[in-house]
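What follows draws every value from the coordinates through simple rules; no lab data is involved. Just so you know, these numbers come straight off a predicted model, no measurement behind them. Neighbour counts run over all protein chains shown; Cβ positions are idealised from the backbone, glycine included.
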Amino acid sequence: MLDYAQARRLMVDCQLRTFDVTDIALLDAFDAVPRERFMPADREAFAYIDQPQAVGTEDGETRYMPAPMVLARLIQALALKPGHRVLEVGTGLGYGAALLRRLGVEVVALESLPGLAAAARERVGDGVTVEVGPLEKGAAGHAPYDAILVEGQVEQRPQGLLEQLADGGRLACVQGQGRPAKATLWVRSGDAFGSRPLFDATLPPLRAFAVEAGFAF
């Protein structure tokens, strides 16, 4: 039987620390939260592979758990502090939400696939609010947010989410079409939004943020 505790330690030491993840609280969260608990029942053994993992399919759309090193770098870029309100977009089975909660922030986890959202509620426990709705529309009822984490690749500017940031708030996502895309950090300043690339990355795309045929940047 796989020793999951040892697998978590190897993930932290060999995938995260070697990919410039230096935040001690974040490393501790990855070491503490059992990633296998947020995998489908027949796929726990694949939880610690350093690539995205499918966690469920509904209505022809498959949701993925990001690779640990990409997820960790995105969270690190948000510079979270205890008490921050954070929106997690595309929660899947709730792994990212559980990590965020471990960091002491208030988490609203958004999922458009109702079956996955229900399963996420069972896994994340207290302290996380799971909402069901279109990902591109965010969760305005809980806004504004100090930070937003998007757990999938977006092909276009996530304007609906950006508008739910508090002044000074930050949004981390992987943005672009195809490979390679860029992990990108957006920051709100008043009514303006600035962005900067962080590192090359690829995640499975989120249908809600796909570019329509004929659309050009």
Next item on the list: Count the net charge of all other residues whose Cβ sits under 15 Å from the Cβ of Tyr48, scoring Lys and Arg as +1 and Asp and Glu as -1.
Entry: 0
Note to self: Can you give me the angle between helix 114-124 and the longest principal axis of the chain, using Cα atoms only, in degrees from 0 to 90, rounded to the nearest 10?
What the structure shows: 50 degrees
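In deg cm²/dmol, rounded to 500, what helix-only [θ] at 222 nm does the chain give when every DSSP H run of at least 4 residues adds -39500 (n - 2.57) and the total is split over its residues? If you can, show how the numbers build up before the last one.
Values: 6 runs with 49 residues, N = 217.
Computed mean residue ellipticity for the chain: -6000 deg cm²/dmol.
Can you compute the charge dipole magnitude of the chain about its Cα centre, using +1 on each Lys and Arg Cβ and -1 on each Asp and Glu Cβ, nothing else charged? Give it in debye, rounded to the nearest 20.
On the way: 22 positive and 28 negative charges, 73 e Å.
Rounded to the nearest 20 debye, it is 360 debye.
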Next item on the list: For the stretch 50-209, calculate the relative contact order in percent as a whole number, restricting contacts to Cα pairs under 8 Å that are 6 or more residues apart.
Entry: 19 percent
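Net charge near Gly138: determine it from the other residues with C-beta under 13 Å of the C-beta of Gly138, scoring Lys and Arg +1 and Asp and Glu -1. Can you show the working numbers first?
On the way: positive: Arg85, Lys137; negative: Glu88, Glu111, Glu131, Glu136, Glu163.
Counting the neighbours of Gly138, the net charge comes to -3.
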Next item on the list: With a Förster radius of 35 Å, plug the Cβ-Cβ distance of Ala5 and Val211 into 1/(1 + (r/R0)^6) and report the FRET value to the nearest 0.05.
Entry: 0.25
Margin query: If packing is taken as the average number of other Cβ atoms within 10 Å across a peptide's residues, how do 196-207, 40-51 rank, most packed first?
Written below: 196-207, 40-51
Margin query: If I take every Cα pair under 8 Å that is 6 or more residues apart in the stretch 23-130, average their sequence separation and divide by the length, what percent do I get for the relative contact order?
Written below: 23 percent
Next item on the list: Out of all DSSP beta bridges with both ends in the stretch 50-209, state the antiparallel percent to the nearest 5.
Entry: 50 percent
Check: Arranged from highest to lowest average of other beta-carbon atoms within 10 Å per residue, in what order do the peptides 157-165, 76-84, 54-62 appear?
Finding: 157-165, 76-84, 54-62
Notebook entry, point to check: If you take the beta carbon distance between Thr22 and Ala192 as r and set R0 to 35 Å, what does 1/(1 + (r/R0)^6) give as a FRET efficiency, to the nearest 0.05?
Noted result: 0.75
